[in-house]
1. To the nearest 20 Debye, how big is the dipole of the range 109-190 about its Cα centre, given +1 on the beta carbon of each Lys and Arg and -1 on that of each Asp and Glu?
2. Counting alpha carbon pairs within less than 8 Å and at least 6 residues apart, what relative contact order, in whole percent, applies to the range 109-190?
3. So if I average 1/r over every pair of distinct C-alpha atoms in the range 129-173 and take the inverse, what Kirkwood radius in Å does that give?
4. First measure r as the distance between the Cβ atoms of Glu149 and Asn23, then evaluate 1/(1 + (r/R0)^6) with R0 = 41 Å and state the FRET efficiency to the nearest 0.05.
5. Asn42 versus Glu184, label points 7 Å from Cα toward the beta carbon: distance in nm?
6. Give me the distance in nm between label points sitting 7 Å out from Cα along the Cα-to-Cβ direction at Asp164 and Met124, one decimal.
7. What ratio of Cα Rg to 2.2 N^0.38 Å holds for the range 109-190?
8. Taking θ as phi - 60°, what are the ³J(HN,Hα) couplings along the range 50-59 by the Karplus curve (6.51, -1.76, 1.60), each to the nearest whole Hz, with x for Gly and Pro?
Amino acid sequence: MIMMIITALEGDDDKTYMINLYNEYYGLVRKTVYNITHDADNVEDLVNDTFIKLIEKISIIRTLESCRLAAYVVYTSRSVAINHIKHKIVQRKHAYYGGDTDLTEKMPDLESTIEERIIRQEEMKEMENAILRLPEKQKDLLYFKYILEMHDREIAEILKIDPDSVRQYLTRARREAKKLMDTEVNQHAE
């Protein structure tokens with residue numbers, strides 16, 4: 001369906017641009033949408049919705065350099081996916097089962113739990129990206145402490161540092177990771 005919409009665009013230049021954009025970013029859009037919604041039945045529709053939104057903003061996206069374009073495509077995908085989830089929640093809230101009984105009153109507040117899960121996922125991705133940019137020694141420290149759950153003495157032996165200094169090094173590594181996360185968040189906000 002999206003290809004029909006793209007071919008209906010005025011101007012061969014816009015058609016070619018959107019076909020190339022679709023071919024280049026289809027996989028990324030599909031993955032982003034699915035990771036948020038986990039709804040295999042509606043993924044293709046949401047991918048199409050994403051590219052329709054991008055077509056509407058073709059004049060803007062043509063001016064973006066490649067890394068900003070990728071970010072714009074991802075944020076548009078996320079927006080479409082989150083709106084889909086919110087729409088489904090609203091539909092569930094208004095569903096009535098039986099005559100006078102509204103079972104939605106007994107359901108937990110799914111909207112806040114899904115939004116919290118999405119926020120946690122985003123924070124985890126930001127943290128992962130920040131940790132990957134740390135120097136090797138700081139990455140190792142955090143890995144040993146929080147993933148392998150090693151004791152300070154074991155970490156000190158492996159890294160050949162004073163056992164009393166492990167906590168200080170960990171504090172520095174956490175601060176540096178937080179600073180990188182804050183920098184990344186500020187860059188995305190611009």
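1. I would put it at about 480 debye.
2. 36
3. Result for the range 129-173 stands at 10.4 Å.
4. About 0.40, to the nearest 0.05.
5. 2.8
6. Placing both labels 7 Å along Cα→Cβ, they lie 3.9 nm apart.
7. Cα-based Rg divided by the globular estimate yields 1.32.
8. Each residue's phi maps through the Karplus curve to give 4, 5, 5, 4, 5, 4, 4, 10, 4, 5 Hz.
Values quoted throughout were computed directly from the atomic coordinates according to the rules given, and no laboratory measurement underlies them. Source: prediction; values computed, not measured. Virtual Cβ from ideal backbone geometry, glycine too; neighbours counted across all protein chains shown.
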